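**Q** The structure follows.
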Amino acid sequence: MTFNNVTVSQIIILFTIYSFMGWIIEVVYRSISQRQFINAGFLSGPFLPIYGFGAAFIIGLQSLIHPWPLLMELIVYGLVLTLIEYFTGLAFEKIFKLKLWDYSNYKFNFQGRVCLLFSTFWTIMALAFVTFIHPVVLRYVRSFDESLLRIFPIVIVVYGITDFVFSIASLAAFKRKITYLYSEYFNLTDAEIEKILSSFKRLRTAYPDLRRYINNNINTGIKNRMSTFMKSIQEKIVLHMEGRKAFEHEFYDIISDIQAHDEFLKLKLHHHHNSSIYDHVMDVSYFSYRACKFMKLDYRSAARGALLHDFFLYDWRHHDVPDLPAEKNHGIEHPKIALANARKHFTLNEIEEDIIRKHMWPLTLVPPKYKESFIVSFADTYLASKEFVNNFKRNKALKREKKRADKHKPRKKRGH
Ligand SMILES: [Fe+2]
Ligand SMILES: [Fe+2]
């Protein structure tokens, strides 16, 4: 059986060659733009079938429209390739809930699946392809001898099906592992978590939005679970000063060396939400201490880690100091700075290090390792937002007060 004097075997070989060429284009482009080797695409092997299909469409179209003016030919190529790209992306997202590419940051994109720049690029590629590449490759494939033409298509079809099934299975396994990681997070060791995360390294680099996917599925999931739990016990954790008395002695005993340290006392000079950093960390530390004691966790490490979680000595609103240049993001950088300062002046255990390093999670992708870290992170957000709300209420009350005072002020009499 032949199409335009090309046999089915030759078509399979051409499809394989063009899928391979497509893979090379993608690997080169993405490896350069992401500065690391990226094995692009859904299959594990070096093939991107979308290029094979694109090539087949272009060859078929060319035989139909070739006598047309060049501009018309270009428009048809561009339209067809854009449609192929759009529907492949759409189908993949609907079936596997993952994006293979994402043009959301490009100008004139449509739903992130296609964009003007790449459609133009495909159009030029299509013209170069039918004019220069395909004739040469076709001549080459036609020169293959009979036995090769018989064996190769069988081998490649068997290989293709195997790779396809394997890739689907590995995607399914990936989703299973994510679910497992999420449900068993607190029972797994560091090594086990690392093993699971590294087992989908290829997938992680091949799919542009996998980071977001992991973030949504593990991080947000765990965070919500912790927050719900914390809210349920919040009532029981007495935060009022009267409630402090019975625990105060032990609490201050745990933190005494840090609290008396000269360098740490400098936190009193730096303004945080609406008090000093010192007041803020004391509150977070006390809350975390009480919560961990209540939950029979390591309240000692929680109190100390929490006390040091914002150990940075600059004003985060207007920072441009040797510790943190203005162009760097305070939210992401300050846990590292706090950790370095804490290490310089105190000896930290693993839990305390984890508390300081990850208290801004999920800004940091890797979730905290200990329940104590989650509690400090929760306490930090909870108390900071409470401080913010109080501040807001206070300002509003002050404004109202001022307005009322202004109203009752005797008006200045105009001149005579
Ligand atoms: Fe912080
Ligand atoms: Fe904080």
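**Q** Any residue in the range 280-300 that's outside the structural domain of Tyr370 (by TED's automatic domain parsing): show its pairings with residues that are within 16 Å of ligand 2 (Cβ to nearest atom) at Cβ separation under 7 Å, as long as the two are six or more apart or on different chains.
**A** none
**Q** Further question on the same structure: Pull up the range 68-108, narrow it to residues that are among the aromatic types (Phe, Trp, Tyr) and touching a Cys at 6+ places or on another chain (Cβ under 9 Å), then point me to the one that is farthest from Ala172 (Cα to Cα). So that I can check it myself, show each step before the final result.
**A** Going through the range 68-108, the residues among the aromatic types (Phe, Trp, Tyr) turn out to be 68, 77, 86-87, 92, 96, 101, 103, 106, 108.
Checking the rest, the ones that are also touching a Cys at 6+ places or on another chain (Cβ under 9 Å) come to 103, 106, 108.
On the way: Tyr103: 25, Tyr106: 30, Phe108: 34 Å.
Ranking the qualifying residues of the range 68-108, first place goes to Phe108.
**Q** Identify all residues within the range 84-130 that are part of a helix (DSSP H, G or I), free of Cβ contacts under 8 Å to residues at least 40 places away in the same chain, under 19 Å from Phe42 (Cα atoms) and among the hydrophobic types (A, V, I, L, M, F, W, C); write none if there are none.
**A** Ile84, Phe87, Leu90, Ala91, Ile95
**Q** Can you tell me which residue within the range 354-383, out of those that are among the hydrophobic types (A, V, I, L, M, F, W, C) and under 22 Å from Lys293 (Cβ atoms), is modelled with the lowest pLDDT?
**A** As a first pass, look at the range 354-383 and keep what is among the hydrophobic types (A, V, I, L, M, F, W, C): 355-356, 360-361, 363, 365-366, 374-376, 378-379, 383.
Next, only the ones that are under 22 Å from Lys293 (Cβ atoms) stay: 355-356, 374-376, 378-379, 383.
Numbers: Ile355: 94, Ile356: 94, Phe374: 86, Ile375: 88, Val376: 91, Phe378: 83, Ala379: 85, Leu383: 79.
So, considering only residues that are among the hydrophobic types (A, V, I, L, M, F, W, C) and under 22 Å from Lys293 (Cβ atoms), the one modelled with the lowest pLDDT is Leu383.
Here's the yes/no breakdown for (1) in contact with a Ser or Thr (Cβ under 8 Å, 6 or more places away or on another chain); (2) farther than 30 Å from Ser147 by Cα; (3) modelled with pLDDT under 80:
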{"site": "Met1", "(1), (2), (3)": "yes, no, yes"}
{"site": "Tyr18", "(1), (2), (3)": "no, no, no"}
{"site": "Ile32", "(1), (2), (3)": "no, yes, no"}
{"site": "Leu61", "(1), (2), (3)": "no, yes, no"}
{"site": "Leu74", "(1), (2), (3)": "yes, yes, no"}
{"site": "Thr82", "(1), (2), (3)": "yes, yes, no"}
{"site": "Trp101", "(1), (2), (3)": "no, yes, no"}
{"site": "Asn109", "(1), (2), (3)": "no, yes, no"}
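**Q** In addition: Name the one entry in Ile168, Ile151 that is part of a helix (DSSP H, G or I) and closer than 26 Å to Tyr86 by Cβ. Don't jump to the end; show me each part of the working.
**A** Details: Ile151 fails: closer than 26 Å to Tyr86 by Cβ.
Sole residue among the options that is part of a helix (DSSP H, G or I) and closer than 26 Å to Tyr86 by Cβ: Ile168.
**Q** Of the numbered conditions (1) modelled with pLDDT of 70 or more; (2) touching a helix residue (DSSP H, G or I) at 6+ places or on another chain (Cβ under 7 Å); (3) of a type in the set (Phe, Trp, Tyr), Phe121 fails exactly one; give the number of that condition.
**A** Of (1) modelled with pLDDT of 70 or more; (2) touching a helix residue (DSSP H, G or I) at 6+ places or on another chain (Cβ under 7 Å); (3) of a type in the set (Phe, Trp, Tyr), only one is false for Phe121: (2).
**Q** Ok, one more. Say we look at the range 290-316 and pick out the residues that are surrounded by 19 or more Cβ atoms within 10 Å (Cβ to Cβ) and hydroxyl-bearing (Ser, Thr, Tyr); which of these is farthest from ligand 1 (Cβ to nearest atom)?
**A** The selected residue is Tyr299.
**Q** So which of Ser276, Ser301, Ser288 is modelled with pLDDT of 70 or more, within 22 Å of Arg357 (Cα to Cα) and touching a Gly at 6+ places or on another chain (Cβ under 8 Å)? Break it down stepwise before answering.
**A** On the way: Ser276 fails: touching a Gly at 6+ places or on another chain (Cβ under 8 Å); Ser301 fails: touching a Gly at 6+ places or on another chain (Cβ under 8 Å).
Within the list Ser276, Ser301, Ser288, the selection yields Ser288.
**Q** Please find, among Leu70, Leu74, Leu14, the residue that is touching a Leu at 6+ places or on another chain (Cβ under 9 Å) and buried (at least 20 other Cβ atoms within 10 Å of the Cβ).
**A** Working: Leu70 fails: buried (at least 20 other Cβ atoms within 10 Å of the Cβ); Leu74 fails: buried (at least 20 other Cβ atoms within 10 Å of the Cβ).
Unique residue meeting the criteria: Leu14.
The values are calculated or read from the model by the stated rules, or taken from the named source; none is laboratory data. A quick note: this is a predicted structure, and the numbers were derived from the prediction, not measured. Cβ: placed from backbone, ideal geometry, glycine included. Neighbour counts: every protein chain shown.
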